[in-house]
Amino acid sequence: MTMANVPLVGKDLGTVAGGGGRRRGRKNSCLVCAVIMAKSVEEALIVMWKAKEAGADLVEVRLDLLKNFNPSHHLQLLINNRPLPTLITYRPIWEGGQYDGDESKRQSTLRLAIELGSDFVDVELKVAHEFYKSLGGKKHENVKIIVSSHNFENTPSIEELGNLAATIQSIGADIVKIATTALDITDSARVLQVLVHSKVPMIGIATGEKGFMTRILSAKFGGFLTFASMEAGIESAAGQPCISDLLDLYNFRLIGPNTKVHGVIGNPISHSKSPHLYNPAFKFVGFDGIYLPFLVDSVSHFLHTFSSLDFVGYSYTIPHKEDGLRCCDEVDPIAKEIGAISCMIKRLQDGKLLGYNVDYLGAITAIEKGLTESIGRSKSSSPLSGRLFVVIGAGGAGKALAYGAKVKGARVVVANRTYAKAKELAKKVGGEAIVLSDLEKFHPEEGMVLANTTSIGMKPNIDHTPLPKEDLKHYCLVFDAIYTPKSTRLLQEAQEVGAAVVYGTEMFINQAFVQFENFTNLPVSSTFSRGSSICILSWQFRLCSLVAIPSAFSRGSSV
């Protein structure tokens with residue numbers, strides 16, 4: 001039986017007590033290893049010092065990436081002048097590296113690294129027996145040998161991973177390293193389970209975006225180390241975080257055995273800035289939690305696999321808001337009426353999954369504010385009352401916006417690619433349905449409100465827009481739920497024709513207040529009143545929204 005069929009429960013994916021921590025305030029003993037991908041020894045030494053300044057515990061020097069490398073001269077130079085404990089890796093092309101020379105010379109270089117006193121040396125499982133035999137029982141007392149296995153095809157079953165770890169251990173490895181390829185996010189669970197049950201120091205990684213959690217949660221589940229690039233864009237493997245994100249965004253050293261795991265569930269998900277919002281907020285209030293991006297194909301499979309009480313709270317985004325609702329044990333009446341959730345909480349007393357929808361609050365509040373600022377205060381209770389409100393999209397976000405507009409007294413029109421879904425939603429809110437292709441000809445009156453809830457115009461397709469510029473002149477306000485980029489083509493062209501615009505960031509921040517309270521049980525109003533009237537949530541997101549956030553999920557070839 002494989003972990004694909006077995007949920008992780010507390011006794012399986014338990015927590016490992018950390019070894020005290022090497023720095024003040026540290027909650028785990030997992031080391032941060034910065035990968036040095038320099039092309040020369042001189043550059044490598046410079047970057048090693050930068051790694052120390054950045055907060056790395058050790059560095060991995062990839063000898064196979066060095067140009068004109070002379071082992072007898074350069075290796076001694078590297079080891080004698082290292083500012084941090086050093087792992088020497090000389091990865092052959094048959095194990096995902098770039099060395100394609102004589103194997104005996106490669107192993108001779110690794111033996112030299114041991115003789116020179118490198119702190120760690122990586123040896124591939126395929127040649128480990130041969131390598132150990134060549135040592136003749138001689139090994140520097142302070143040098144640890146990492147025996148590594150890399151699977152670039154998939155993540156094997158839990159039994160196969162366990163057997164692999166046992167095989168590596170039996171060879172005499174000081175440290176076991178297993179790296180797999182995550183084809184589904186649930187593959188990460190098998191790697192974490194082997195990691196948590198290991199009786200010897202172990203490095204466990206599932207590469208790729210769907211294995212990203214293993215790189216962060218190794219701190220929680222007893223990993224010996226995790227790898228980090230020196231900067232985004234120069235990763236040695238897909239899914240590898242840069243050291244600044246690892247330490248400053250994900251607060252790696254504050255993750256401990258009792259840290260609760262939260263995240264945003266979506267597909268795609270690399271564009272999400274939710275981690276940039278919640279992790280600094282968690283740290284600010286001293287909440288023992290971590291917030292990660294989860295690239296999920298099947299919501300039910302994900303929730304079934306990560307069913308332990310370590311995984312406790314989720315935000316939902318495109319396209320899983322409706323699937324999330326179907327997986328709930330209990331659903332808030334508003335979310336039930338909308339037919340989609342944006343937030344899920346696991347009740348610790350019984351493990352039940354509770355669903356909420358706060359999208360409509362965040363979006364409608366922002367739209368009402370925008371209308372008031374552009375046309376003045378309304379005599380009615382809401383500036384949306386009696387106004388024609390056109391929603392593009394009939395998914396989870398579309399349902400939330402249509403519901404919110406209806407509650408505020410607006411006349412709702414739903415435009416969707418498929419008429420059947422538009423009609424179904426329109427019927428629920430007492431509105432009208434049209435196909436998206438007909439929206440260009442739809443302008444029965446002036447001063448309408450337009451709300452785009454689809455992914456049209458989201459990175460990387462920033463040149464796309466759901467409606468031509470000339471048709472936007474019939475709307476007094478245009479809202480776009482997309483926040484990457486902040487200013488979409490739709491919003492830019494709406495401004496050009498004179499319409500007021502409301503950014504998706506406003507919806508994002510407004511709903512984040514409510515989700516933060518759900519995650520932490522701490523009231524936002526009092527929690528963020530220390531010394532400033534500006535909420536850190538709003539400040540942090542507006543700050544990070546000014547810059548592009550690179551993704552590490554599609555680069556690299558080796559761990």
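Look at (1) over 18 Å from Phe519 (Cβ atoms); (2) polar (S, T, N, Q); (3) assigned to a loop (DSSP other than H, G, I, E, B) and you find that Gln349 fails only one, number (1). Selection of segment 457-502 for residues being assigned to a loop (DSSP other than H, G, I, E, B), of a type outside the set (Lys, Arg) and touching a residue at least 60 places away in the same chain (Cβ under 8 Å) yields Met458, Pro466, Leu467, Ala481, Tyr483, Thr484. For Ser437, the conditions (1) under 37 Å from the mean Cα position of the chain (by Cα); (2) assigned to a loop (DSSP other than H, G, I, E, B); (3) more than 15 Å from Glu368 (Cβ to Cβ) all hold with the exception of (2).
Within segment 65-93, the residues that satisfy the criterion of being open to solvent by 10 Å² or more (accessible area, probe 1.4 Å) and closer than 12 Å to Ile36 by Cβ are Leu65, Leu66, Arg82, Pro83, Leu84.
Please verify whether segment 44-58 includes one or more residues that are part of a strand (DSSP E or B) and either in contact with a Pro (Cβ under 8 Å, 6 or more places away or on another chain) or at pLDDT 95 or above (or both). Yes, segment 44-58 contains at least one residue that is part of a strand (DSSP E or B) and either in contact with a Pro (Cβ under 8 Å, 6 or more places away or on another chain) or at pLDDT 95 or above (or both).
Residue-by-condition table, conditions (1) of a type in the set (S, T, N, Q); (2) surrounded by 19 or more Cβ atoms within 10 Å (Cβ to Cβ); (3) within 22 Å of Trp94 (Cα to Cα):
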site	(1), (2), (3)
Lys133	no, no, yes
Glu141	no, no, no
Ser149	yes, yes, yes
Asn154	yes, no, yes
Thr167	yes, no, yes
Ile171	no, no, yes
Lys177	no, yes, yes
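The set of residues in segment 472-489 that are open to solvent by less than 20 Å² (accessible area, probe 1.4 Å) and charged (D, E, K, R) contains only Asp480. For Ala281, the conditions (1) farther than 30 Å from Gln98 by Cβ; (2) out of contact with any Phe, Trp or Tyr (no Cβ under 7 Å at 6 or more places or on another chain); (3) modelled with pLDDT under 95 all hold with the exception of (2). A count restricted to segment 283-292 and to residues that are of a type outside the set (A, V, I, L, M) and in contact with a His (Cβ under 9 Å, 6 or more places away or on another chain) stands at 2. Scanning segment 395-423 for residues that are farther than 18 Å from Phe442 by Cα, touching a strand residue (DSSP E or B) at 6+ places or on another chain (Cβ under 6 Å) and either without any contact (Cβ under 8 Å) to a residue 24 or more places away in the chain or crowded, with 24+ Cβ neighbours inside 10 Å (or both) gives Gly398, Leu401, Ala405. Here Phe224 qualifies as crowded, with 20+ Cβ neighbours inside 10 Å and of a type outside the set (D, E, K, R). Within segment 36-50, restricting attention to residues that are touching a Lys or Arg at 6+ places or on another chain (Cβ under 7 Å) and touching a residue at least 60 places away in the same chain (Cβ under 8 Å), which residue is surrounded by the most Cβ atoms within 10 Å (Cβ to Cβ)? This residue is Ile36.
Quick one: count up the residues across segment 190-235 that are part of a helix (DSSP H, G or I) and under 16 Å from the mean Cα position of the chain (by Cα).
9
Each row is one residue, and each column tells you yes or no for (1) more than 20 Å from Arg387 (Cβ to Cβ); (2) under 31 Å from the mean Cα position of the chain (by Cα).
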site	(1), (2)
Gly409	no, no
Val413	no, no
Tyr419	yes, no
Gly431	no, no
Phe442	no, no
Glu445	no, no
Thr465	yes, yes
Tyr483	yes, yes
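So in segment 507-539, with the set limited to residues that are among the polar types (S, T, N, Q), within 22 Å of Asp359 (Cβ to Cβ) and open to solvent by 60 Å² or more (accessible area, probe 1.4 Å), which one is modelled with the lowest pLDDT? Here the residue is Ser525. His443 passes every criterion in (1) crowded, with 18+ Cβ neighbours inside 10 Å; (2) part of a loop (DSSP other than H, G, I, E, B) apart from (1).
Checking Ile114, Ile93 one by one, the residue that is within 30 Å of the chain's Cα centre (by Cα) and of a type in the set (A, V, I, L, M, F, W, C) is Ile93 and no other. If you check Asn142 against the conditions, is it modelled with pLDDT of 95 or more and among the polar types (S, T, N, Q)? For Asn142, the condition - modelled with pLDDT of 95 or more and among the polar types (S, T, N, Q) - is not met. Look at Ala363 and say whether it is open to solvent by less than 10 Å² (accessible area, probe 1.4 Å), at pLDDT below 95 and among the small types (Gly, Ala, Ser). Yes, satisfied. Inspection of segment 423-433 identifies at least one residue that is modelled with pLDDT of 95 or more, in contact with a Gly (Cβ under 8 Å, 6 or more places away or on another chain) and under 19 Å from Ile367 (Cβ atoms). Checked against (1) in a helix (DSSP H, G or I); (2) under 21 Å from Phe224 (Cβ atoms); (3) at pLDDT below 95, Ser72 meets all criteria but (2).
The values are calculated or read from the model by the stated rules, or taken from the named source; none is laboratory data. All figures in this text were calculated on a predicted structure; none of them were measured in a lab. Cβ: placed from backbone, ideal geometry, glycine included. Neighbour counts: every protein chain shown. Protein only, heavy atoms only, side chains kept; ligands, DNA and RNA dropped before computing areas. Shrake-Rupley method; radii C 1.70, N 1.55, O 1.52, S 1.80 Å.
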